[in-house]
Amino acid sequence: MGLNYRAAVLRQSGAPLTIEQVSRRAPAPGDVVVMVRAAGLCHTDLEVIDGSLRYPLPMILGHEASGVVEEIGSEVRHVRVGDHVILSWNPHCGHCFHCDRDQPILCETYLGEGPKGLHFDGQSKAELQGGEALTHLMFLGAFAEICVVPEQQAIVVPKDIPFDRSCLIGCGVMTGVGAALNIADIKYGDTVMVIGCGAVGLAAVQGARMAGAGAVIAVDLDDKKLTLATTLGATQTINASREDPVDVVKAATNGRGADVVLESAGHPIAFRQTTEAVRVGGQVIWLGKIDVTKDVGFRWGSLMGENRLRRSRSGGAGPRRDFPLLAQAYLDGKLKLDELITGRMPLDKINQGFDDLRAGKSIRTVLEF
Ligand code: CXF
Ligand code: ZN
């Protein structure tokens, strides 16, 4: 493909994305040009569309994607033309305070530069007809036929995993599975509770089983999502509109509570339930998000049990280590991804896909290119 291609552009928050003809700029020596083949619609994109996450516009969103490498810059070493890659949304400089302490997710350089929507080199990699620069979400901007990304954000995976499945590993699946495998310390036979069965929660259910949990108790308000949780390995489900999840988990554990509670609902009530439902000495991992200016209330006594409380935004992802492992787990039948895809659509239907996500109708809608 040449320099011109189609992209979904956010020109104004609150307004629909517009499908536009855009062009890419020359890749830097460390860049990789990727032909995007599939991209998932994630809540974080929706937050930008709806305006609760603000970036300079016009912007190309999309940060959960996979594709084929079409071209590489002269300094690229780990990626070759023709490779199949999953895009990583965690650019990091490798030499700041937090990178030096093995916390690339907190990279200070990215936290400074990311909000500008330009790459570390200060460049935009795409422009509108007429030459106006576009910004890119998380240095990606994957709701486009082509994406120019730094080498570190193009992670090579086996060629036999289909793109519509591999793209999910880039965000939602990595966060959920990683919370169980990388963040929580799940012991064989543990009781793990997962609150919220969207894409991240359903991945967390699977991660808990992969980690050796004996019981996985899934909580949601939607019976369809709970049925899916059972398909993916939950041993018990709770519809929180009918039963109190804290009571049910206590009843299932001789009154103690769950060894590990993974939260992926992103609701103040769910956050509060985590510390009520965990046993003393247990672990709570918060994955969900609410408006960062809002408060969450906990009963002080629920925090007295020597619990480990941890927030994770990425499931402790080490993309070059974890993305190929998860792709292989899919190929080996140990990680289910097909079940997470509730819709497939072309780029020009993207606004419909986000309407479904906003209405809670979808787990993951995947754009296919
Ligand atoms: C999110 C996780 C929370 C911080 C912003 C990015 N990841 C992707 O959706
Ligand atoms: Zn995401």
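Cross-link partners of LYS349 among lysines, defined as those whose alpha carbon lies under 19 angstrom from its own and excluding same-chain residues fewer than eight positions apart: LYS361. Here the stretch 142-168 and the stretch 262-294 have alpha carbon centers that stand 31 Å from each other.
Per the Debye formula with a single identical scatterer at each Cα and no solvent contribution, what log10 I(q)/I(0) holds for the stretch 176-311 at q = 0.11, 0.13, 0.16 Å⁻¹? Scattering profile of the stretch 176-311, log10 relative to I(0): -0.31, -0.44, -0.69. Checking understanding here: applying a Kyte-Doolittle mean of at least 0.5 and a length along the axis of at least 15 Å (C-alpha), which whole DSSP H helices in the chain pass? Both cut-offs are met by 199-210.
Put simply, when 353-363, 276-286 are sorted by average Cβ atoms within 10 angstrom per residue, most first, you get 276-286, 353-363. Loop-located trypsin sites (Lys or Arg not before Pro) in the stretch 91-128 (DSSP state not H, G, I, E or B) with no more than 12 neighbouring Cβ atoms inside 10 Å: ARG101. With 24 Å as the limit on Cα-Cα distance, the pairs of LYS159/LYS336; LYS187/LYS334; LYS159/LYS224; LYS159/LYS187 that go past it are LYS159/LYS224; LYS159/LYS187. The packing ranking of peptides 176-183, 11-18, highest mean first, is 176-183, 11-18, where packing means the average number of other beta carbon atoms within 10 angstrom of each residue. Put simply, when 165-171, 51-57 are sorted by average Cβ atoms within 10 angstrom per residue, most first, you get 165-171, 51-57. Each listed q (0.07, 0.10 Å⁻¹) maps to a log10 I(q)/I(0) for the chain from the Debye sum over equal C-alpha point scatterers, namely -0.29, -0.60. Computed on the chain, with alpha-carbon pairs under 8 angstrom and 6+ residues apart, the relative contact order is 17 percent. Restricting to bridges with both residues inside the chain, how much of the DSSP beta-bridge set is antiparallel, in percent to the nearest 5? So the antiparallel bridges in the chain amount to around 55 percent. Take every pair of alpha-carbon atoms less than 8 Å apart whose residues are at least six positions apart; their mean separation over the length of the stretch 92-244 yields a relative contact order of 12 percent. Estimated from the Cβ-Cβ distance and a Förster radius of 56 angstrom, the FRET efficiency linking VAL81 and ASP295 is about 0.65. Would you mind classifying the stretch 60-127 by shape? Square roots of the alpha carbon gyration tensor eigenvalues, ordered a ≥ b ≥ c; an a/c under 1.5 is rounded, otherwise it is prolate if a/b is larger than b/c and oblate if not. Here the stretch 60-127 falls in the prolate category.
Computed from the C-beta positions of ARG320 and ASP121 and an R0 of 22 Å, the FRET efficiency is 0.55 to the nearest 0.05. Note on the chain: with charges restricted to the Cβ of Lys and Arg (+1) and Asp and Glu (-1), its dipole about the Cα centre is near 520 debye. A straight line joining the Cα centroids of the stretch 219-259 and the stretch 19-77 runs 37 Å. When shorter helices are ignored and each DSSP H run of at least 4 residues is given -39500 (n - 2.57), the per-residue value for the chain at 222 nm works out to -6500 deg cm²/dmol. Taking the DSSP beta bridges with both ends in the stretch 38-145, the antiparallel portion is around 75 percent. Dipole orientation for the chain: of the candidates PRO56, VAL278, HIS136, VAL278 has the Cα lying most toward the positive pole (charges on Cβ; Lys, Arg +1; Asp, Glu -1).
Counting only Cβ charges, +1 for Lys and Arg and -1 for Asp and Glu, the dipole size of the stretch 55-192 around its Cα centre is about 200 debye. Regarding the stretch 245-289, what is the average projected area of its C-alpha convex hull, in nm²? Across all orientations, the stretch 245-289 yields a mean hull projection of 2.7 nm². Dipole magnitude for the stretch 1-93: about 160 debye, using +1 per Lys or Arg Cβ and -1 per Asp or Glu Cβ, origin at the Cα centre.
Each residue, TYR188 and SER241, gets one label point 7 Å from its Cα in the Cβ direction; the gap between the two is 4.1 nm.
Every read-out reported here was derived from the displayed coordinates using simple, explicitly stated rules and does not represent laboratory data. Nothing here was measured: the structure is a model prediction, and the numbers come from that model. We place every Cβ from the backbone using ideal geometry, glycine too, and count neighbours over all the protein chains shown.
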